[in-house]
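Working notes, beginning with the structure itself.
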Amino acid sequence: MDFSLPPDIEDLRLRVRKFVEDEVLPLESDPANFAEHENIPEARLKPVREKAKKAGLWAPQSPKDYGGMELPVVAWAAIYEEAARSLFGPLAINCMAPDDGNMNMLRLVGTKAQKDKWLKPIVAGEVRSAFAMTEPAPGGGSDPTMIRTRAEKRGGKYVIHGRKWFITGADGASHFILMARTSDDARKGLTAFLYHKDQPGWRIVRRIPILGPEEHGGHCELEFDGLEVPEENVLLGEGEGLRLMQVRLGPARLTHCMRWTGWAKRCLEIAQAYVESREGFGIKLADRESVQIKLGEVAKEIEISRLLTMRAAWMLDQGGRARKEVSMAKVQVADTLHKAADVAIQLQGARGFSKDTVVEWIYRYARSAKLVDGASEVHMMVLAKFLRQDGRDFWQWGPGEGRKNSR
Ligand SMILES: Cc1cc2nc3c(=O)[nH]c(=O)nc-3n(C[C@H](O)[C@H](O)[C@H](O)COP(=O)(O)OP(=O)(O)OC[C@H]3O[C@@H](n4cnc5c(N)ncnc54)[C@H](O)[C@@H]3O)c2cc1C
């Protein structure tokens, strides 16, 4: 067994690391680069994105034909973690949610015509995208089979009515992927549609105020009141919505893990720098055993996070579905991000509670990690289901389900 990265991926990782150090961290250190919703204004992001493109560090998940790097998932794990040393790093190289998950999903399921029209401009960074699935109660949330937004077929088009909420990036996004009900069939009742922001028949009801900092375009509540979508804008075919969710959400959850691990490491880095310089009761904080235990504990959790994430990434590259491995990584990394930020605040004393470092930003962001793309309890439910189903075969080393040589 060899845990080292192939030399080309290691080289890329080091290039991303240097790019973030030289071009992105200086942006983040200027408070003027945080807009109203606590993210970098898109106009200020643009020049660094151009530099990333020129450096060949752009859209790691997307096809080369469209301007991306077309890397394996294992390489994403290595470089997203490096990019997320900065809050703005994933945005700078175009691998931030939700565009990242949407690009990957369109790459995997779109027809050539759909990719040319809907994927290419997202890869180029010309437009933003959003994925609209969750609904306010009593609609679909953790349980997507409860989705109530309806798409009724009339001739060669679908007419859509319903409501969604918490749709990340919706304010200002141009390309939307919308999940709606086309029948009451338990397995084949949902369908995914593509639509453009300029189409009539839908509106943003509000940008929902939240606890944490926001992605560009916030988290919005949407209303659909007769949005018309032509047949050619159905993704994967009518009734294939649940399958599409699996295709999108597996890798999207894992790329969250990759970025969150980078942010967890950043918290540790900031805490370490503080305890190395701060003295109290006659010694450096870094020389105190109770402080060392806190730092060691976070370092251990981060390494567990990296291993779970990398293993699931490798399984996806082998053609496996990695459902339980992604669930495990998602729960572990969400908890670790939270813990890393919490410890980093505590070890810095009052400074930790200030906006003088990015730790408080990460702390507030981290709370959403246990909710987005499946609440932790739902992922635990998935793990328990696999334990029941697979018994002792739950524990395997191969590429896992979806592959013939999995045992
Ligand atoms: C910041 C943020 C961004 C988001 N972005 C998007 C987006 O871009 N697009 C989109 O479609 N959605 C988005 N969401 C929605 C997110 O995916 C949902 O919040 C999540 O799937 C949970 O659904 P829900 O909020 O309806 O919770 P509910 O289904 O109402 O569940 C509430 C709580 O009940 C518990 N629970 C639920 N099911 C179980 C179970 N089986 N076992 C034990 N406990 C359970 C959990 O604690 C859960 O948190 C976003 C949410 C947040 C907070």
| field | Rg and Dmax [Cα atoms of the stretch 97-213; Å; Rg one decimal, Dmax integer] | value | 14.4, 44
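How large is the charge dipole for the chain, taken about the Cα centre, if only the Cβ atoms of Lys, Arg (+1) and Asp, Glu (-1) carry charge, to the nearest 20 debye? Write down the numbers at each step before the final one.
Working: 61 positive and 57 negative charges, 167 e Å.
Magnitude of the dipole: close to 800 debye.
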| query | So what J values fall out for the stretch 143-153 if you push phi through Karplus, 6.51 cos²θ - 1.76 cosθ + 1.60 with θ = phi - 60°, rounded to Hz, Gly and Pro as x? | reply | 9, x, 5, 8, 4, 10, 4, 10, 10, 9, 7
| message | Just want to confirm a number: the relative contact order over the stretch 7-97, from Cα pairs under 8 angstrom separated by 6+ residues, in percent. | response | 35 percent
| remark: For residue 148, other-chain or 5+-apart residues with amide H closer than 5 Å (H placed, Pro excluded) are 140
| task | Over 31 Å between C-alpha atoms is what I'm after, so list which of 188/324; 115/157; 164/324; 18/355; 46/117; 51/117 land there. | result | none
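Using the Kirkwood radius built from alpha carbon pairs, what does the Stokes-Einstein equation give as D for the stretch 286-344 at 10 °C and 1.306 mPa s, in µm² per second?
Details: Rh = 12.4 Å.
D = 128 µm²/s.
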| Which residues' amide hydrogens lie under 5 Å from the amide hydrogen of residue 215, considering only partners 5 or more residues apart or on another chain, with H built in the peptide plane? | none
| said: Just to confirm the number: angle between the C-alpha axis of helix 241-277 and the first principal axis of the chain, 0 to 90 degrees, nearest 10? | reply: 20 degrees
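Loop only per DSSP, at most 10 neighbouring Cβ atoms within 10 Å: give me the GluC sites (Glu not before Pro) in the stretch 12-55, ordered by residue number.
Details: sites: 21, 23, 28, 36, 38, 42, 50; in loops: 36, 38.
Listed in order of number, the matching sites are 36.
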| Residues whose placed amide H lies under 5 Å from that of residue 222, excluding near-sequence neighbours | 164, 165, 205
| remark: Longest principal axis of the chain (C-alpha) makes with the long axis of helix 376-390 (C-alpha) an angle, in degrees to the nearest 10, of 80 degrees
| task | Would you work out which of 341, 174, 216 lies farthest towards the positive end of the dipole of the chain? Charges go on Cβ: Lys and Arg +1, Asp and Glu -1. | result | 174
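All other residues with a Cβ under 11 Å from the Cβ of residue 202 taken together, and with Lys, Arg as +1 and Asp, Glu as -1, what is their net charge? Before the final figure, lay out each step's value.
On the way: positive: 163, 164, 197, 203; negative: 198, 223, 225, 228.
Net of charged neighbours comes to 0.
Could you tally the net charge around residue 138, taking each other residue with its Cβ under 15 Å from the Cβ of residue 138, Lys/Arg +1 and Asp/Glu -1?
Working: positive: 148, 150, 163, 164, 181; negative: 135, 143.
Within the 15 Å Cβ shell, the charges total +3.
Considering only the other residues whose Cβ falls under 14 Å of the Cβ of residue 56, what net charge follows from Lys and Arg at +1 and Asp and Glu at -1?
Details: positive: 13, 15, 18, 49, 51, 53, 54, 64; negative: 8, 11, 23, 50, 70.
The answer is +3.
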| task | Using only the alpha-carbon atoms of the stretch 243-394, report the extent along each of the three principal axes, biggest first, to the nearest angstrom. | result | 58, 31, 26
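Please go through the stretch 221-293 and write out the trypsin sites (Lys or Arg not before Pro) that DSSP classes as loop and that have at most 15 other C-beta atoms within 10 Å.
Values: sites: 243, 248, 253, 259, 265, 266, 278, 284, 288; in loops: 278, 288.
Those satisfying the criteria are 278, 288.
How much of the DSSP bridge set in the chain is antiparallel, in percent, rounded to the nearest 5? Before the final figure, lay out the partial values.
On the way: 31 of 36 bridges.
Rounded to the nearest five, the antiparallel share is 85 percent.
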| said: Apply the Karplus curve 6.51 cos²θ - 1.76 cosθ + 1.60, θ = phi - 60°, to the phi angles in the stretch 338-353 and return the couplings in whole Hz, x for Gly and Pro. | reply: 4, 5, 4, 5, 5, 5, 5, 5, 4, 5, 8, x, 4, 4, x, 7
| note | The ³J(HN,Hα) series, computed from each phi in the stretch 217-228 with the Karplus coefficients 6.51, -1.76 and 1.60 at θ = phi - 60°, rounded to the nearest Hz and given as x for glycine or proline, is x, x, 10, 10, 9, 10, 10, 10, 9, x, 4, 9
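What Kirkwood Rh does the chain have if only Cα atoms enter the pairwise 1/r average? Answer in Å. Could the numbers behind the result be given before it?
Details: mean 1/r = 0.0453 Å⁻¹.
That comes to 22.1 Å for the chain.
No lab work stands behind these numbers, since they all come straight from the coordinates. For clarity, every value in this text was computed on a predicted model and none was experimentally measured. Every residue, glycine among them, receives a Cβ derived from its backbone with ideal geometry; neighbour counts consider all protein chains shown.
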